[in-house]
């Protein structure tokens with residue numbers, strides 16, 4: 001199971017099975033709970049002899065041999081990789097339904113530019129056209145090809161959302177990444193975006209993928225920028241409330257009509273010309289991946305406020321906080 005046949009574990013410390021991130025807190029907590037006689041029951045991700053990881057269930061207990069004068073810590077390790085795979089399979093019906101909707105919409109989005117490219121290419125092949133018409137047809141074909149390329153790029157981004165790399169980060173880390181993304185998207189021109197003062201941002205760390213969170217916020221900001229008029233503004237704010245991270249994007253744009261509001265997170269739903277309608281879909285998928293929520297409040301002709309709420313921690317307490325024995329307890 002652990003693939004240590006050629007690398008015997010006899011004489012090795014048990015911590016060699018744990019991932020580096022779990023050696024400082026999680027593994028000592030398991031030992032502490034076991035030595036106190038309570039034992040430990042729970043899931044863990046261990047390291048195989050090959051370097052790969054494996055999901056296991058660990059059950060520990062303490063055996064004291066008074067005659068010999070030593071204690072034995074017993075670790076019972078069970079492979080639950082198949083169980084984890086079955087959990088993912090149970091989630092497939094919901095994903096399959098979403099995939100069916102996306103596939104149907106993709107076929108529509110791809111068909112239109114392909115028909116245009118094919119039609120104008122056929123005209124160029126069969127008809128004698130003037131240099132002016134030739135240049136016009138080539139431009140149309142080029143624009144439709146770029147549209148297809150843009151669609152593929154967005155779909156690839158959407159597909160990659162499930163591969164988050166979670167680590168400790170601060171709101172400052174996220175807004176730094178967000179500023180970088182928005183500068184690239186807007187070619188450095190961001191006078192309409194009002195960022196929070198970096199000095200006022202909370203410094204507490206929380207567990208997330210900062211790049212994905214920044215990407216989700218940038219998708220929302222892009223929508224807000226498209227909704228505001230020449231003198232409009234997009235305001236960003238954030239705070240920590242208890243065990244929640246709250247990030248808000250507010251604009252004073254055209255707002256969203258009540259007839260459109262229920263569908264804004266659906267793939268390819270858009271009321272804008274020449275827009276794919278994948279930005280908010282991507283934002284929600286990222287927030288869902290973080291076990292968070294995203295809420296939208298909008299008034300037509302007044303503006304929209306989008307609130308992202310994320311949990312400060314995804315990890316169990318036993319993995320992130322050392323258990324300290326109360327010495328006063330008798």
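Just a few scattered comments:
- Normalised by residue number, the volume inside the convex hull of the Cα atoms of region 119-232 is 143 Å³ per residue.
- Kirkwood-based shape ratio for region 165-231, expressed as Rg/Rh from alpha carbons: 1.00
- Virtual spin-label span in nm between residue 240 and residue 83, 7 Å along Cα→Cβ: 3.3
- Rough spin-label spacing in nm, given labels placed 7 Å along Cα→Cβ, for residue 66 and residue 12: 3.6
- Protection proxy ranking, peptides 45-54, 300-309, average beta carbon neighbours within 10 Å, highest first: 300-309, 45-54
- Translational diffusion coefficient (Stokes-Einstein; Kirkwood radius from C-alpha pairs) of region 14-87 at 37 °C, 0.692 mPa s, in µm²/s: 246
No value in this document is a laboratory result; all are computed from the given coordinates. Values in this document were obtained by computation on a predicted structure and should not be read as measured data. Ideal geometry is used to build each Cβ from the backbone, glycine not excepted, and the neighbour counts take in all protein chains shown.
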